[in-house]
Each structure stands twice: as C-alpha cells, then as structure tokens.
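Taking it in order: structure first as structure tokens, then the write-up.
The values are calculated or read from the model by the stated rules, or taken from the named source; none is laboratory data. None of the values given here were measured: they were computed from a predicted structure. Note: ideal-geometry Cβ built from the backbone for every residue, glycine included; neighbour counts use all protein chains shown.
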Amino acid sequence: MASTPPTRTPLAGGALIAFGAMAGAAIGLFRGEPTVGFLIGTGAGIALAIAIWLLNLRR
C-alpha cells in the first residue's frame with residue numbers, strides 16, 4: 001500500500017548551521033580568533049536550526 005505524501009513541506013535548517021560556521025570562522029579570522037568565531041557561529045546556526053525545527057512542529 002502506498003503512503004500518501006505529506007500535505008506540507010517541512011523546513012530545514014542545516015544550511016544555517018553551515019553558514020553560521022563559515023561566517024563565524026571568517027569573522028573570527030579578522031578578529032584574530034578563528035576557532036572562537038567558528039564555535040560561536042556554529043552555536044548560533046544550531047540555535048537558529050532548532051528555532052526553525054520548533055516552528056515547523058507547530059505548523
């Protein structure tokens with residue numbers, strides 16, 4: 001038996017994690033701390049991805 005396709009397309013936040021990591025590393029490089037920038041950017045990207053996931057649950 002074939003399953004029915006979902007009625008709405010789920011949102012994804014993986015690109016935000018990747019963009020946050022790259023942007024954080026680039027900003028950190030200019031400030032002299034690329035590792036710290038990478039970690040902060042990755043954390044911000046994860047936070048945004050979790051926010052999108054939570055919003056998707058309520059849709």
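Per the conditions (1) exposed (fewer than 14 other Cβ atoms within 10 Å of the Cβ); (2) within 23 Å of ARG58 (Cα to Cα), the sole criterion not satisfied by LEU29 is (2).
Conditions tested, residue by residue: (1) surrounded by fewer than 17 Cβ atoms within 10 Å (Cβ to Cβ); (2) modelled with pLDDT of 95 or more; (3) of a type in the set (S, T, N, Q); (4) under 10 Å from the mean Cα position of the chain (by Cα).
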| site | (1), (2), (3), (4) |
| --- | --- |
| MET1 | yes, no, no, no |
| THR4 | yes, no, yes, no |
| LEU11 | yes, no, no, no |
| MET22 | yes, yes, no, no |
| VAL36 | yes, yes, no, no |
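On the stretch given as the stretch 32-53, residues that are of a type in the set (A, V, I, L, M, F, W, C) and closer than 20 Å to LEU11 by Cβ total 9.
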